[in-house]
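Engineer: Can you read through this structure? Questions will come right after.
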Amino acid sequence: MNGANSILLARPPTPPPGGEPLNRNSTADRSLDRPRVIDFHAHFPTGDRRYTLDPVTAEYARERSERMRREWDFPRREPPPASPAPGDPAATADLWAAEVDRYGLERVVFVTGRDNDTLASIVRRHPGKFAGMAHHRLETPDAAGELRRAVEELGLVGYKLIAPFVEAPFEDPAYDPVWKYAASRRLPVVIHFGLLGHAGGLVYHPRLNPLTLYPVAARYPEIPFVIPHFGCGYWQEVLQLCWSCPNVHVDTSGSNQWVRWMPYPLSLEDLFRKAYETIGPQRIIFGTDSSWFPRGFAYRYLQDQLRVCYWLNLKDEDIEAIFAGNARRLAGL
Ligand SMILES: [Zn+2]
């Protein structure tokens, strides 16, 4: 506790001349006071857009994200003078490597990065700092073969899926080769469920509810499944799935501001307490959902989550597991 309090109660660092935002200052001098940290859920920014919004919805999303930016004291995304061109992955990789040093991280795991070859080349550029996951659709021809190539030839350490992009039920026989391969390697499979995107995002799809994973999670207990953002609105369902299936984990990544859209009060502290009590510290994995510059590593999320864990009096060994150990074990880092 003592070591933690000294970081958590520390005065905010003085911004350097030039007005760089507070949350981008070096933490190296304080890193010894905190557990080792692996960010298990980041996205390597490539500038790709998944979907376009109707102009009315887009304006609503812009206003809402501006409010969020102020709430969290994040830098502005536009214009992005600190962002390299989307077509320059090497420069972006170097910016990210500098973030790993600045915040004293053990490693960042990118769950997406345009395509498997691009992300593998990013990881090769900074192999001691990065790891990456395969990310291609289950409907890709020979998706299992591509997963094998990504893991065995490219060195990627997991598989990332987005549930509302999956066309058939998870238990459809067409997907069996993928699950069989993941089970044979005990490969972590991270699947986003729940609202996709921000304001204006997708909220309805037959695969949005994490309970739809139950048939596969129960049939392949060797696969460590990871459900991001504590289930992103499907909290009760995630708790039920985790209660039934010991191979299902949660990650803590992102703002978790979805708690605001629940019909009952729910806080980050509630999420950690309930997950700790029922799922257990070995199945909670820290992440931030960081991606873009100039924000870089979302240090604010690490601060908030660590504060909650100390506030709840979690044991040091459990905090070590949540913030690095579990990620290390699952991804074989
Ligand atoms: Zn994400």
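Engineer: Jot down the per residue volume, in cubic angstrom and as a whole number, of the convex hull over the alpha-carbon atoms of the chain.
Structural biologist: Cα convex hull per residue, to the nearest whole number: 135 Å³.
Engineer: In percent, what relative contact order does the range 230-285 have, based on Cα pairs under 8 Å that are 6 or more apart in sequence?
Structural biologist: Here the relative contact order equals 41 percent.
Engineer: Further question on the same structure: Considering Cα pairs under 8 angstrom that are at least six residues apart, work out the relative contact order of the chain and quote it in whole percent.
Structural biologist: This gives 20 percent for the chain.
Engineer: Can you list the lysines whose alpha carbon is less than 18 Å from that of K274, not counting same-chain residues fewer than 8 positions off?
Structural biologist: The qualifying lysines are K315.
Engineer: Follow-up. Ignoring chymotrypsin sites (Phe, Trp or Tyr not before Pro) that are buried or in helix or strand per DSSP, and keeping those with at most 10 other beta carbon atoms within 10 Å, what is the longest stretch of the chain between them?
Structural biologist: 52-203
Engineer: Another question, if that's okay. Tell me, in nm to one decimal, what length is gained between Q303 and E222 on full extension, where the rule is 0.36 nm per residue of separation less the Cα-Cα distance?
Structural biologist: 25.9 nm
Engineer: Rounded to the nearest 500, what is the 222 nm mean residue ellipticity of the chain from helices alone, with -39500 (n - 2.57) per DSSP H run of 4+ residues and division by all residues?
Structural biologist: That comes out to -9500 deg cm²/dmol.
Engineer: Using a cut-off of under 13 Å, list every residue of the range 245-283 whose amide N is near the label point 7 Å from the Cα of D316 along the Cα-to-beta-carbon line.
Structural biologist: Counting backbone N atoms under 13 Å from the label point, the list is empty.
Engineer: Using DSSP to call loops (not H, G, I, E or B), can you name the trypsin sites (Lys or Arg not before Pro) in the range 140-204 whose Cβ has at most 16 other Cβ atoms within 10 angstrom?
Structural biologist: Within the range 140-204, the qualifying trypsin sites (Lys or Arg not before Pro) (loop, at most 16 other Cβ atoms within 10 Å) are R186.
Engineer: Report the residue, chosen from A58, A275, A93, that carries the largest GNM mean-square fluctuation when the chain is represented by alpha-carbon nodes joined by springs under 10 Å.
Structural biologist: Judging by the Gaussian network model, the answer is A58.
Engineer: For the range 197-211 and the range 120-136, what is the separation of their C-alpha centers, rounded to whole Å?
Structural biologist: After rounding, the separation between the Cα centres reads 28 Å.
Engineer: What is the extension gain from R67 to E269, computed as 0.36 nm multiplied by their sequence separation minus the C-alpha to C-alpha distance, in nm to one decimal?
Structural biologist: Value of the extension gain: 70.5 nm.
Engineer: While we're looking at this one, here's another question. Of all DSSP beta bridges in the range 75-217, what percent run antiparallel (nearest 5)?
Structural biologist: Expressed as a percentage, antiparallel bridges in the range 75-217 total about 10.
Engineer: What length, rounded to one decimal in nm, is gained on full extension from R329 through to W243, with 0.36 nm per residue of separation minus their alpha-carbon distance?
Structural biologist: Result: 28.9 nm gained on full extension.
Engineer: Could you work out how far apart the two model spin labels at T57 and E152 are, taking each label as a point 7 Å from the Cα in the direction of the beta carbon, and quote it in nm?
Structural biologist: 4.1 nm
Engineer: Still on this structure: Which percent, to the nearest 5, of DSSP beta bridges fully inside the chain are antiparallel?
Structural biologist: Taking every DSSP beta bridge within the chain, about 5 percent pair in antiparallel fashion.
Since every read-out is calculated from the coordinates, none of them should be taken as a lab result. Remember, predicted model here, so these are calculated numbers, not experimental data. Glycine also receives a Cβ, built like all others from the backbone with ideal geometry; neighbour counts cover every protein chain displayed.
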